[in-house]
Each structure stands twice: as structure tokens, then as C-alpha cells.
Amino acid sequence: MEYGEERVVALVDMDCFYVQVEQRLNPALRNTPCVVAQYKTWKGGGIIAVSYEARDHGVTRNMWVDDAKNLCQDLQVARVRELHGKADLTHYREASVEVIEVMSRFAVIERASIDEAYMDLTAAVQQRLKDMSVNRIDPSLLKTTYIQGYPQSSSELEPHTEDLRSRGLHQWLASLTPSSLGEQSSAGLQLTVGAFIVEEMRAAVEEQTGFRCSAGISHNKVLAKLACGLNKPNRQTILPLASVTELFNSLPIGKIRNLGGKLGSSITETLGVENMGDLTRFSQAQLELHFGDKTGRWLYDLCRGIEFEAVKPRQLPKSIGCSKNFPGKTSLATKEEVQFWLHQLALELEERLTKDRDVNGRVAKSLTVGVRQLGDKRPSSFSRCCALVRYEATKISSDSFAIIKSLNTAGNQQAAWTPPLTLLHISASKFSDAPSSGGITGFLSTETSLSQSRFSTSQLSNKSSLDAKSVSPCKQQHGTIQSFFQKATERPTIQKDGEEEVSVGGKASPAPKSASESHSGAERRSSDVSESPRRHIKSFFQKRSTERSSSMKNSLNIVEKNNSEDCVPVVSPSRTQCENPDNEQATDVELNPNPPSGASEDLLTCDRCSQEVLAWEMPEHNDYHFAMDLQKSFSSSSSSSAATTSCNISSSSSPPPLRGGVTGSAQSSRVKTKIRGQSGPAAKKLRSQGGSASTLDSFFKKN
Ligand code: DCP
């Protein structure tokens, strides 16, 4: 077996997942051009999932429904349900659990997001090979399998056709070396047996859940993920190592798993290369010089299709959480509002944690609270964690309030909350088995003092090369469309229950640094990392610059994420660094030899900004983009006709999704500029002058 061909790894990804969930709930939607949209107040709502029939009409994610209907008159629209004033993903989560359950009967799986799972099939393949009397595989067992790179001379055939697939498969099967008993099977044969298992598994998923999926089968996670996307929907693709060179020669670096963000952009900029195959021109020493030892070594192998990140057995999400945006004038400016919304989020969290405990027999020990402040130009936000002592909304919200109240510069005696908050999120993580003896009582008895573990990540800045803010869940200033339409005057009221007076462990929390003080470290680091080495004339400086950034990246790719100019950086709350000696996550991260790994669990990649976002935060993240589009379209309509108050949005309101690499960064910077505009003085000035913001205001009032 050649180096890098030792394992058989597969990625299975559901096809247009939310659409399929809606189609199962409403069979009339099946086989139709259909989309799932969030909310509907503005232009019919924003599209987050698209059936393949609708894709044929040019409908894409991130379009407005009304625009999509112009492309496809018969478009069917299913809506994401709402609960507690937020998108409710329950149906999709439950469907995901069903799928994972079926898949895990076939192999040990690593749930990678709400609709994706990796599996290491090496052992299962070996077992099958032992059980097989003849090491030949009948093509009829691989009815939906493509072989990347086969047939080898296929220029006259249309890609993705059945004829091409079938000829490629036959050619591939004919090329396999049959192995006699006792002889080690070829890598090709192992992949083929893996593909056969995945065919069976996909058929079982469809039979038992009604959902179709696609898959990639190769020797590692990166290639499996890449292969999965090559022949969607309802197909699977084997990617042999021998076909990698040709594929990589025209594959943009940003298309590779973990290279869609800053690291990919930095590679492109630093080395002046575009495609993955271009990296093979560099020696390992050169790559190490530019990106540090670990990343350099990793890239050297990766551009040859070799990667070793393990498939980590995990079927459950690592964290459970919820968040809500309060953009612009809906930002939370009083303690009452902050408490009210923390309580709303806590209600949802309590409900989901309780269900999770009952179903999965585990309890979360850590509670993370994140906020973003109005006018905060940094991509990251404050994030603090404490012990999660009880699954009870009142307790969760009061503890959450207690650990963020020091951010309120208006002081505890005032009704105001300053600076206002534009985002709240709470999440639970650090799960362990629910105590078997004594049940929940046992769990409750292990209550620890909040003061012991409570820790502000903003206070870690001097303790680690990884700034605490860099590792905290950096939240975004993205907007909830729905909140946008909410009148500022319709502020919620809260039943006062003295939550603000909650004393945590009887200790006053350490005085926080002022907002500006605590931001500065991150900002400095941000500019360090994003500094383009090309600006330097001397290669020496170039090296220094990239080394500095890569040494941070080597420590943890979180740095990239948080300092990224990407508009909505989101990092798993489990990565928030609490000052806790047994902080497994922090240890994990430090020791992790693979530059950007371990972070992908529960994450979806946003096609707009290439940011990886927790599945449960995706609705809020999408809102952000929708809100930005909306704001952009208002700006452009008002600049073309300042007097108009009508909502005359051009199709440019939904720019085509940008994916990865440099393009992603460019998009990100644009968005960032708008973030500033949204809440900054310029926007206020515009509002007072009756400019575009005033148009926006009057529109909101109408709604
Ligand atoms: N999702 C979302 N917002 C995004 C991206 C995804 O809400 N910006 C949700 C809806 C998707 C689901 O996550 O159905 C899975 O996302 P995928 O990226 O896997 O896309 P689909 O499954 O919809 O389509 P595909 O068949 O291309 O994988």
C-alpha cells in the first residue's frame, strides 16, 4: 500500500437537505422546483436551500424568493418555522438524527454538520474483503458510482452522463488487481469495496428516511469531501489517489476543505498560486519556511492528495445553543431587554438540553454567553463562560446576565445598557455522561460555584499567545431580517424577577477592561495576520510576516477565523477558553498537528463569505447577509432616486454567492465596510437627513 492510501474514508452529504425535509412533510413538493426560505417579510424571504429542479432554472441559495420566482414561475416555497421569535430548526435536526442513526449501523461515523458525516471504512472494507469469495466486483453493485478520472479518454462524452459513468466504472473495475487470499488488496480494490458499502448505506438511508444523499470515497477526509461534490445529487464518486494530480491542476485552492478561508487566501497571496496542483512546485522546506513546520508539512502532502486527519467517532453535536441578532435600532439598550432576550434564548436552550439529556444520556457542564456591542468594528465579540449548573431557563438566563452585566458601562443601578447589544448568544457544551446513580439529582449535586470557573475570555489576553478574544466565539453584527422589521417602539417588556442581582458565587466579577481597551489587542493582531507579505520588498520581511501569521495559525486556526475580515466569524462555543485546568478543547487545539482541523464539527460553510458557521447559528448568519443585501439595495435605490420611498430593489440585491479564497475575502471586506456603515455615525447622519436610512426606517414602520 502506498503512502497515503492506507485508509478508506467516505463523506456522505444529504442532497438539498432542508428541501428534502420539507418535501417529506409535504409530499406535494416532491419532484418540483422548490426552495426553503427564511421569513417572508421582504421580497418573499431569503432562500437557504434549493431543490435540484429549481437549480436547473438558475435559482440559487441567497436569492430572494421574489427574484427566484422571476426565474422559475412554478417555484414552490417552504418556510422555516419560527419559535421564540427565531428560526426553528427542530425538523431539520430531527431528520439529521434519523439519518445519522441509519449511517452509524454501517461504520463508525463522525457527524460533520447537520447533513454530513465522515466515516472510516477501513476496517469494514477489510472485513468485506475477507468475506468475499471472489475479489471481483460486479458493476451492478455500484449503480450510482462514478470513478474520478475514468474513463481515461472521455473527451467526446458529456460529463455527468450515465454513459460516461458506466464506461468509467467498467474501465476502473477492469484495471483492479485481483488479490489472492493472504495477499494485501490493492488500494483501488479497497476503495471499490468501500464504495460498495456506501451504496448499501445510501440505499438504507433512502429506504428508512426517504432522504437521498451523495458521497465521496477516497483515502482521507479532504479527498472524500471533494469527491462528494463532484457528481451530486444522488450519486457517489470514488477519487483514487492517481486521479488527484489532474483534478488538482485546475482546482482552486479555496475549494479544498479547510482552505476556503484565510489560510487559503494567504497561500494564494504568499506563493502567487491559484490551484492546488501549483503547490507541488514548492519543496517541503519552502512550504515550511512560509507557513511554519506543521502547516508546511501538511500542505506538502495535501497538494499530493495525502492527508491523515482521523475520523473521530462522534454522532452528537458538541454544543447546543441559540442566538439572536438585534441590528441597528433594534439593538438592546436597556437591562430589561437584555434580560428578556436572554430568558427567551434560555427557554429554548433549556428545552433542547432537556431533550438531549433524555435522549442521549448526557449533560452539558459549560455555559457560554456571547454578545456583540453596537458599533463594535471588530469581527469578534465578548464571550464568557461559566459552569452550567441546572437545566432551567431562569437559572441559565440569570447566570448569563450575571456574567455579562459587567459589560454594561451604564452601571448596574441604571436602567440603560451601554453600549447596546446587537447580538446575544448562549450555548451549552462540555458534555459528559449523565450521572447514572441518582440521575439528575447527582448532576445537580455536582453544582460548582460559578466563580470558580467563570472566566472572561477578554481577560485572557495577557496569558497566552492565543489572545482569549481570538479564541472566543466571535460573533457578528449580522442582522435578523425579522428584527429589522420590528419597530423599535415595540420593545419587549420583562417580568422583573431580580435577575440582575444574581450574585455569582458571592464574588464580584473582576472589573472588565473598557471596551476599547480590550479590543485593541485583537485589532493589532488582526492587522498583523492580515498583512500581505507581498507588501514587503525583501523576502526576509516576507518570511517574517508569514511566519508570524503562520505560527499563530499553527497554534490554532481559530486565530485565522477570529481575526479574519470575514464578515461573520463564528467559532464553536466549545472553543471558548475558560480558565479551567481541564479545558480539553484548549489542549486539543494546541496539540492538534493538522492545521485547520477539529473545528469543522457542526459547522456549515457559508457560500457568501466562506465562513464556517455552526448549523444552529446559520439562520442568524443568513439573516446577516440578507440584511446586508437589503441595506445595499436601499442604498443603491436611494442614491439613484433619493426621494423615493418605494422598495425598488434591483437584482443586484442578491449578488451571486462567492466561494472561498481571495474572492471570499474581497466579499468579506465589502461587508465589513457596510457593517461600519450600518451602525456608525454616517448611518445616523443619513437617517437624520432623510437619506437612505430614513427610507429604510419608513419602510420598517410600514411593516
Ligand atoms: N443551510 C443554511 N444556510 C446556508 C447553508 C446551508 O441554512 N447558508 C442549511 C440548508 C441546507 C443545509 O444547511 O439544506 C445543508 O447545507 P448544504 O450546504 O449541505 O446544502 P444542501 O444540502 O441544501 O444542498 P447540496 O445538495 O448542494 O448539499
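Within the set Lys86/Lys365; Lys69/Lys324; Lys232/Lys329, which residue pairs have Cα atoms separated by over 32 Å?
Working: Lys86/Lys365 25 Å; Lys69/Lys324 29 Å; Lys232/Lys329 43 Å.
Lys232/Lys329, as the Cα separations exceed 32 Å there.
Order these peptides, 93-103, 216-226, by their mean beta-carbon neighbour count within 10 angstrom, highest first. Mind dumping the intermediate values first?
Numbers: 93-103: 18.5, 216-226: 28.7.
Descending mean neighbour count gives 216-226, 93-103.
Need the full-extension length gain, Thr90 to Thr161, defined as separation in residues times 0.36 nm minus the C-alpha distance. One decimal, nm. Mind dumping the intermediate values first?
Working: separation 71, 0.36 × 71 = 25.56 nm, distance 3.67 nm.
Gain in length upon complete extension: 21.9 nm.
Could you work out how far apart the two model spin labels at Leu25 and Ser104 are, taking each label as a point 7 Å from the Cα in the direction of the beta carbon, and quote it in nm?
So the two model labels end up 2.4 nm from each other.
Please give the contour-minus-distance gain from Asp433 to Thr418: 0.36 nm per residue of separation, less the Cα-Cα distance, rounded to one decimal in nm.
Values: separation 15, 0.36 × 15 = 5.40 nm, distance 3.98 nm.
Gain on extension, Asp433 to Thr418, equals 1.4 nm.
Per residue of region 337-344, in order, report the coupling 6.51 cos²θ - 1.76 cosθ + 1.60 (Karplus, θ = phi - 60°) as ³J(HN,Hα) in whole Hz, putting x for Gly and Pro.
Values, residue by residue: 5, 4, 5, 4, 6, 4, 5, 4 Hz.
Run the numbers on region 17-81 and let me know its relative contact order in percent, using alpha-carbon pairs under 8 Å that are six or more apart. It would help to have the intermediate numbers written out before the result.
Details: 122 pairs, mean separation 22.3, N = 65.
For region 17-81, the relative contact order is 34 percent.
Region 257-378: D in µm²/s via Stokes-Einstein (Kirkwood Rh, Cα pairs, 20 °C, 1.002 mPa s)? Could the numbers behind the result be given before it?
Details: Rh = 19.1 Å.
Result for D is 112 µm²/s.
Which of rounded, prolate or oblate describes region 17-81 when judged by the alpha-carbon gyration tensor and an a/c cut-off of 1.5? Before the final figure, lay out the partial values.
Details: a/c = 1.75, a/b = 1.17, b/c = 1.50.
Note, shape of region 17-81 comes out oblate.
Can you give me the accessible area per residue for region 364-421, using a 1.4 Å probe, in Å²?
Numbers: 1500 Å² over 58 residues.
On a per-residue basis, region 364-421 sits at 26 Å².
Could you check how much of the accessible area of region 17-81 is carbon and sulfur, as a whole percent, using a 1.4 Å probe?
Values: 1210 of 2730 Å².
Within region 17-81, the accessible surface is 44 percent carbon and sulfur.
Given R₀ = 60 Å, FRET efficiency for Ser175-Arg390 by Cβ-Cβ distance, to 0.05?
Details: r = 61 Å, r/R0 = 1.02.
E between Ser175 and Arg390, to the nearest 0.05, is 0.45.
By average Cβ neighbour count within 10 Å, what is the ranking of 245-257, 45-57 from highest down?
Numbers: 245-257: 18.5, 45-57: 21.0.
Output ranking for 245-257, 45-57: 45-57, 245-257.
Under the Kirkwood approximation applied to all pairs of distinct alpha-carbon atoms, what is the hydrodynamic radius of region 311-397 in Å? Each step should come with its number before you reach the end.
Details: mean 1/r = 0.0685 Å⁻¹.
Across region 311-397, the inverse of the average 1/r is 14.6 Å.
Beta carbons within 10 angstrom, averaged per residue: use that to sort the peptides 81-92, 231-242, 109-120, highest first.
Numbers: 81-92: 17.1, 231-242: 21.5, 109-120: 23.8.
Order by mean packing, descending: 109-120, 231-242, 81-92.
Quick one: length gained pulling Glu246 to Glu2 fully straight, 0.36 nm per residue minus the C-alpha distance? Mind dumping the intermediate values first?
On the way: separation 244, 0.36 × 244 = 87.84 nm, distance 1.85 nm.
Length difference between fully extended and current span is 86.0 nm.
The values are calculated or read from the model by the stated rules, or taken from the named source; none is laboratory data. Keep in mind it's a predicted model, so treat the numbers as computed, not measured. No Cβ is skipped: glycine too gets one built from the backbone with ideal geometry, and neighbour counts run over all protein chains shown. Side chains included, ligands, DNA and RNA excluded: accessible areas come from the protein's heavy atoms. Shrake-Rupley method; radii C 1.70, N 1.55, O 1.52, S 1.80 Å.
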